[in-house]
1. Would you say Gly180 is at pLDDT 90 or above, open to solvent by 30 Å² or more (accessible area, probe 1.4 Å) and on the phi > 0 side of the Ramachandran plot?
2. Find the residue count for the stretch 223-247, including only residues that are of a type in the set (Asp, Glu) and in a loop (DSSP other than H, G, I, E, B).
3. Residues of the stretch 75-84 being of a type outside the set (Gly, Ala, Ser) and open to solvent by 50 Å² or more (accessible area, probe 1.4 Å), which ones?
4. For the stretch 66-117, what are the residues that are farther than 24 Å from Ile149 by Cα and touching a strand residue (DSSP E or B) at 6+ places or on another chain (Cβ under 6 Å)?
5. Can you go through Gly224, Gly199 and tell me which one is buried (at least 18 other Cβ atoms within 10 Å of the Cβ) and at negative phi?
6. Can you confirm whether Asp365 is open to solvent by 30 Å² or more (accessible area, probe 1.4 Å), within 25 Å of Gln249 (Cα to Cα), at pLDDT below 85 and not basic (Lys, Arg)?
7. Kindly indicate whether any position in the stretch 195-217 is under 25 Å from the mean Cα position of the chain (by Cα), among the small types (Gly, Ala, Ser) and assigned to a loop (DSSP other than H, G, I, E, B).
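The values are calculated or read from the model by the stated rules, or taken from the named source; none is laboratory data. Since this is a predicted model, take the numbers as computed values, not measurements. Cβ placement follows ideal geometry from the backbone for every residue including glycine, while neighbour counts extend to all protein chains displayed. Protein only, heavy atoms only, side chains kept; ligands, DNA and RNA dropped before computing areas. Shrake-Rupley method; radii C 1.70, N 1.55, O 1.52, S 1.80 Å.
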Amino acid sequence: MDDDHGSWYFAVQVRGLDGQRQRVRQGGYADPEKAQAAGRAVAAADRDGAGAAGCTLGQWLTRWLATKDALRPSTRQSCATHIRLYLIPQLGRILLHQLTSRDVNGLLATLASRPSPTGRRLSPATVVRIHATLRTALNAAMRARLIPINPANGGELPHPRRPHPVVWTAGRTARWQQAGERPAVAVWTGQQLAAFLTGVAQDRLYAAWWLAALRGLRRGELAGLRWTDVDLQAAELTVTQQRLHADGQVVVGPPKSAASCRVVALDAETVGVLRRHRERQEQLNARAGTRGRESGYVFTTADGAPLRPDYLTGRFLRLVAASGQPPIRLHDLRHGAATLALAAHTDLKVVQAMLRHASIVLTADTYVSVLPEVAHQAARETARLVLEAAPALGRPLGG
């Protein structure tokens, strides 16, 4: 009996992950019969050849993550956070081969209903990602023949809704000014973007804001862009890497996905913006005496060092606040680039290629909203086609 908790426990010798015998002790049973039955079940699983019968889910998750050398740094950090904050505290003491779908669904229900360790309620999308980490780790346990089935398959998951960008119309802007109400994801109109870019034309990172707003580059891609990736003569740049935060450090890694490695076509004005940016950068380096110690990155600190991605975010937010324009995030410039491209009647497939979405369905689903003037123009054009076919429809009744 466990004197500390007033419940019964069992203790048996079984094999661990390393194949060595180890003592497994588990408590929380209301009576000795249940504790004995649980102990006999674990011993029987060990005798029947269930691999590492003494391995808990927590031990397996730790081992699994340690062996995933090919994970992207950001993915590794996310998985580590899921394991440390949610999976091990909730399910870590359960023996791997005894984990059930009921345990997994109980975890999902808890995650969806209780605040996280940081005090915030977890979003449905975060719950889905935590479940994905568990499911992937358990698939690896199946391949290692530690469990026969994956109890995380078929989990009762929430259905997160992707927030669709909306445009800062005059009405939305007025509500923001009066009551601070703002959409989850919003983009500027062409006029608002032009006003912002005009106001920051002398900013040292003007070219970064331009590329994000017109060509849809992500924050990490901007921070990771090198001059060797830019061919101004051919009017194109190649996205080959990104700088991102992982485990408290900034690391260089591949783009977000295989599809994100792409060649981005540049118009003449963008080429001019980049030429002027390079000239200004060379002048600053010459005045600072840093020529010859240049990092090779397109966007750098004042002394030529590569930028931290969060520096781009902070600087952009300060510029937006000073501009008087309604608030958007740096990533919303990417959304705005897609919306403006669609407003310019760019084919949806071309917009997908510009953003490097894996599926055109994702592009179409995300950018269902277009600039208001385009929607009104479409309405007028539709009515015009009908009226040309039947002019009498446009006459007043009784006329």
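1. Working: at pLDDT 90 or above: yes; open to solvent by 30 Å² or more (accessible area, probe 1.4 Å): yes; on the phi > 0 side of the Ramachandran plot: yes.
Yes.
2. Count: 1.
3. First pass over the stretch 75-84, keeping only residues of a type outside the set (Gly, Ala, Ser): 75-77, 79, 81-84.
Those that are of a type outside the set (Gly, Ala, Ser) and open to solvent by 50 Å² or more (accessible area, probe 1.4 Å): Thr75, Arg76, Gln77, Arg84.
4. Correct list: Arg72, Pro73, Ser74, Gln77, Pro115.
5. On the way: Gly199 fails: buried (at least 18 other Cβ atoms within 10 Å of the Cβ).
On inspection, the qualifying residue turns out to be Gly224.
6. Values: open to solvent by 30 Å² or more (accessible area, probe 1.4 Å): yes; within 25 Å of Gln249 (Cα to Cα): no; at pLDDT below 85: yes; not basic (Lys, Arg): yes.
Here the answer is no, as Asp365 does not meet what is asked.
7. Yes, the stretch 195-217 contains a residue that is under 25 Å from the mean Cα position of the chain (by Cα), among the small types (Gly, Ala, Ser) and assigned to a loop (DSSP other than H, G, I, E, B).
Residues checked against (1) farther than 30 Å from Pro254 by Cα; (2) buried (at least 16 other Cβ atoms within 10 Å of the Cβ):
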| residue | (1), (2) |
| --- | --- |
| Arg63 | no, yes |
| Ala66 | no, no |
| Asp69 | no, no |
| Pro73 | no, yes |
| Leu108 | yes, yes |
| Leu134 | no, yes |
